[in-house]
Amino acid sequence: MPQPFVRFAQVQKTYDGESLVVKDLNLDIEQGEFLTLLGPSGSGKTTTLMMLAGFETATHGEIYLDGQPINRLAPEKRNIGMVFQSYALFPHMTVEENIAFSLKVRRRPAEEIKQKVAHALDTVGLKGFGQRRPNQLSGGQQQRVAVARALVFEPKLVLMDEPLSALDKQLREQMKFEIKRLHRELGITVVYVTHDQSEALTMSDRVAVFQDGRIIQLDTPVDLYERPGNAFVARFIGENNRLVGDVKSLGSNECVVECGGEIIRALPVNVQRSGNRTTLSLRPERVVLDPPQTTHDNVVEARIEELVYLGDHLRVRTTACGTDSFIIKLPNTASGYPQLREQQVIRVGWQAADCRALDYVQ
């Protein structure tokens, strides 16, 4: 079996000798992969990235890069490119000088530096900007310079620590696809840290979801969204109807749950036995209006509390199944939306396979 390009083997990190920020981390990253570390603040994702970069030292375990242990290797010896949230550009240097810095540190010949800098500028779409200084660039342009600087010395691996968080929404959307394009065209390995689920789903080959120092699910974006393995992932990735109830019966392919006086059929994913409490996860776009009783496993009444027009869809907040935050997303079609009003009672339905019974979370 070929060795993974990056491997974390039983890695732990503590700052105070008592509480672990990263707990028994085992993670393999393949060459050419775009892996995102996703999670809330304090979950351990940035500490994991910093240990890989060499700016933090693992308390226990070993990190391997291309088959070689790197725990005791200085950051500058690891041949890793780094893109920071704050860009970290030198304000007194031109764009060309910023990009050339890592090559000069490595004592590359002047002609090689000139060629590589020109190629890096062209790659990130900044040809002709080489003589400007960072304060003469927009936020998006500065981030492109930071990316070019990370790529110019042809590193084995590029690490990105929330690189888009300082940009406005339109620039973030643009840079997401720009970074993904560079990853695809250059074939580089990228480890990307964010707390933004949209970035993770859009850009990644796989996503590692962190909670309390551990990876609680490692999967493709599609599997994370469509098949969350626990209540935390279901809630953290995308909008989600969270219904709490008691398991009345449990089979291998279906369980019956009582939620707010309604009997709901669901797919048992993380349910131990009948009689337990469970959290049901149901995506709002899986709910339909006025379903035929014969074609949907679950049909209930809901009272409309709020209607919000969002352009591509109508967001309908209702009271149903014991919660006043039961959300339905109705797509904007050629025929428009159905005529709805607040306090109207409607019938809604969904399939058991779209409703996942997970661990109980208060």
Q) Do any helices (runs of 4 or more DSSP H) entirely within region 114-223 hold 1 or more residues that are open to solvent by 50 Å² or more (accessible area, probe 1.4 Å), closer than 24 Å to residue 66 by Cβ and out of contact with any strand residue (DSSP E or B) (no Cβ under 9 Å at 6 or more places or on another chain), and if so, which? A) 169-186
Q.
Against the condition within 21 Å of the chain's Cα centre (by Cα), open to solvent by 40 Å² or more (accessible area, probe 1.4 Å), touching a residue at least 12 places away in the same chain (Cβ under 8 Å) and within 19 Å of residue 214 (Cα to Cα), how does residue 36 come out, does it pass?
A. no
Q) Quick one: in region 259-289, which of the residues that are small (Gly, Ala, Ser) and modelled with pLDDT of 95 or more is farthest from the chain's Cα centre (by Cα)? A) 266
Q.
Taking the condition of being more than 19 Å from residue 55 (Cβ to Cβ) and of a type in the set (D, E, K, R), how many residues in region 66-105 meet it?
A. 4
Q) Is at least one residue of region 82-95 free of Cβ contacts under 8 Å to residues at least 60 places away in the same chain, open to solvent by 50 Å² or more (accessible area, probe 1.4 Å) and of a type in the set (Gly, Ala, Ser)? A) no
Q) So how many residues does region 219-253 have that are among the aromatic types (Phe, Trp, Tyr) and farther than 23 Å from residue 324 by Cβ? A) 1
Q: For region 324-362, name all the residues that are under 20 Å from residue 301 (Cα atoms), assigned to a loop (DSSP other than H, G, I, E, B) and touching a residue at least 24 places away in the same chain (Cβ under 8 Å).
A: 338, 340, 341, 342, 343, 344, 351
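Condition check ((1) under 17 Å from residue 262 (Cβ atoms); (2) open to solvent by 10 Å² or more (accessible area, probe 1.4 Å); (3) small (Gly, Ala, Ser)) across all residues:
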| site | (1), (2), (3) |
| --- | --- |
| 292 | no, yes, no |
| 298 | yes, no, no |
| 302 | yes, no, yes |
| 313 | no, yes, no |
| 338 | no, yes, no |
| 341 | no, yes, no |
| 350 | yes, no, no |
| 361 | no, yes, no |
Q) Just one of 70, 99 is of a type in the set (Val, Ile, Thr), at pLDDT below 95 and within 24 Å of residue 156 (Cβ to Cβ); which is it? A) 99
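The values are calculated or read from the model by the stated rules, or taken from the named source; none is laboratory data. A quick note: this is a predicted structure, and the numbers were derived from the prediction, not measured. Methodologically, a virtual Cβ is constructed for each residue, glycine included, from the backbone with ideal geometry; neighbour enumeration extends over all protein chains shown. The area values use the complete protein model at the heavy-atom level, side chains included, leaving out ligands, DNA and RNA. Shrake-Rupley method; radii C 1.70, N 1.55, O 1.52, S 1.80 Å.
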